[in-house]
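Worksheet: one structure, shown below.
The values are calculated or read from the model by the stated rules, or taken from the named source; none is laboratory data. Everything quoted here is computed from the prediction, not taken from an experiment. Virtual Cβ from ideal backbone geometry, glycine too; neighbours counted across all protein chains shown. Accessible surface areas use protein heavy atoms only, side chains included; no ligands, DNA or RNA. Shrake-Rupley method; radii C 1.70, N 1.55, O 1.52, S 1.80 Å.
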Amino acid sequence: MRHSLAVFFLLTLAACSSDAPKTDEMKNFTADEIYAKAQESMQDNNYEKAVKQFETLQSRYPYGRYAQQAQMEIAYAYYKHSEPAPALAALDQFAKLYPMSPHMDYVLYLKGLINFNENINSLFGTLFKQDPSERDPAALRDSFNSFKELVTRFPDSKYTPDARIRMQYLLITLANSEIHIADYYLRRGAYVAAANRAKGVLTDFPQTPQTRDALQILVQAYDAMGMQDLRDDAQRVLALNIAKDGAQHPAIKETPLNTSPWWKFWE
């Protein structure tokens, strides 16, 4: 019995040793070699492995020429691995560590793109399945703000043209979200809330087609509350609005710019 137990423990130890982590294969690698390995992982779509390799590069060479590059690559790897939260955290960390980086335009663009891609589909997917008052468009606003900062600070960036189009698209989307919320309140008799949401559209999104819907909601809300003067004012503005040709807004149809950061800061 004792002999059997001894054999069992020996086999268990052998199995555990075979499953034990191997010695760090990059222990003696240079910064160039670690970076090359991480790039190979990225090209193989092994983003989880790439993140670990870039983190190794950062920890071993925190002040080298690869430090900024590795932080950017980590953010992009998380983005490609469909992990928006750590991707955004990595970008925020980059902005804190390297606020004067010449590649801050890329940081702002990628931040805007992550929030745009992660939330635009979910917003439309729940548009008619969920009470509008329960939706939070905060991420879309964050996306717009990132693009706006990019356009303001870096008007000549190669990412700016695409950011401008996405900003227009986001304005329409955000305005439409507010209209659905206002309509939700209107249909439930919350006329003050409906009017406030509609006025918000006129104030915050004056160049979008949704201003016509906002005015219509104001007319109905004021009429229901017996505010005839305000109703008539809104009706007059609505009539003028209808008489004008609506502005055309481009939609996002093309694949976004190549967001892969396969450039080097030192070049």
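Here the relative contact order of the stretch 127-236, from alpha carbon pairs under 8 Å that lie six or more residues apart, stands at 20 percent. Working from label points 7 Å from Cα in the Cα-to-Cβ sense, the Arg187 to Ala243 distance is 3.3 nm. Using the Cβ-Cβ distance between Arg65 and Arg164 with R0 set to 30 Å, the FRET efficiency works out to roughly 0.35. Sorting Thr203, Thr211 by solvent-accessible area of protein heavy atoms yields Thr203, Thr211, largest first, with a 1.4 Å probe.
For the residue pairs Lys49/Lys96; Lys52/Lys80; Lys49/Lys80; Lys27/Lys80, alpha carbon separations beyond 18 Å are given by Lys49/Lys96; Lys27/Lys80.
Solvent exposure of the stretch 61-117 amounts to 41 Å² per residue of accessible area, where only protein heavy atoms count and the probe is 1.4 Å. Residue pairs exceeding 27 angstrom between C-alpha atoms, taken from Lys158/Lys244; Lys111/Lys158; Lys158/Lys199: Lys158/Lys244; Lys158/Lys199.
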